[in-house]
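Trainee: Have a look at the structure that comes next, please.
The values are calculated or read from the model by the stated rules, or taken from the named source; none is laboratory data. Note that this is a predicted model, so its numbers are computed, not measured. FYI the Cβ positions are ideal-geometry reconstructions off the backbone, even for glycines, and counts take in every protein chain you see. Each accessible area value is taken on the protein alone, full model and side chains, heavy atoms only, with ligands, DNA and RNA left out. Shrake-Rupley method; radii C 1.70, N 1.55, O 1.52, S 1.80 Å.
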Amino acid sequence: MRENTNGRLQGSKYDKILRENMQFILPGIIEKVLKLNIVKSAELKDKIQITRQKEVDALYMVTDADGVSSILQVEFESSNRPKMHFRMAEYRSMLHQIYDQPINQYVMYMGKVL
């Protein structure tokens, strides 16, 4: 396998070295660089795999009167959802990865007035 010093192979090489030595280097980084006073830790799995397909209520590429383009997402909710901000953050992250444009999000509450 040919090494590409400016690309993915080089990065993978460094990632592998860092992962293999993380238990030795991370305590120093946490204390000296991040300035955290950690008294207990537990390593979690380093692979994060989630396959998501989301359907939003309204999604448009819009351009305002000043000529600025952005993604407009509107969600309509008929009940109060205490964790709606997490859902919107997930949408925002996915939209940013796909479109790499400014994103404006709105939740329109259409339920009973509390």
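Trainee: If you take every DSSP beta bridge fully contained in the chain, what fraction is antiparallel? Give it as a percent rounded to 5.
Mentor: Working: 6 of 13 bridges.
Expressed as a percentage, antiparallel bridges in the chain total about 45.
Trainee: Going toward the positive end of the dipole of the chain, with +1 on Lys and Arg Cβ and -1 on Asp and Glu Cβ, which of Asn21, Ile50, Val68 do you reach last?
Mentor: Farthest towards the positive pole: Asn21.
Trainee: If you don't mind, another one. Would you mind computing the Rg to Rh ratio of region 5-109 from its alpha-carbon coordinates, Kirkwood style for Rh?
Mentor: Rounded to two decimals, Rg over Rh is 1.13.
Trainee: Please compute the Kirkwood hydrodynamic radius over region 49-96, one decimal place, Å, based on all pairs of different Cα atoms.
Mentor: One over the average 1/r among Cα pairs gives 12.6 Å for region 49-96.
Trainee: Next question, about the same structure. Express the accessible area of region 5-109 per residue in Å², computed with a 1.4 Å probe while the remaining protein chains stay in the model.
Mentor: Ligands and nucleic acids excluded, the result is 89 Å² per residue.
Trainee: Tell me, what HN-Hα J-couplings in whole Hz come from the Karplus equation 6.51 cos²θ - 1.76 cosθ + 1.60 at θ = phi - 60° for each residue of region 63-68, using x for Gly and Pro?
Mentor: Values per residue, Gly and Pro as x: 10, 7, 5, 8, x, 8 Hz.
Trainee: Please report how many Lys pairs in the chain have alpha carbons closer than 29 angstrom, counting only residues at least 8 apart along the chain or sitting on separate chains.
Mentor: Total qualifying Lys-Lys pairs in the chain comes to 21.
Trainee: Any idea what angle helix 8-28 forms with the longest principal axis of the chain, computed on alpha-carbon atoms, 0 to 90 degrees, nearest 10?
Mentor: It works out to around 80 degrees.
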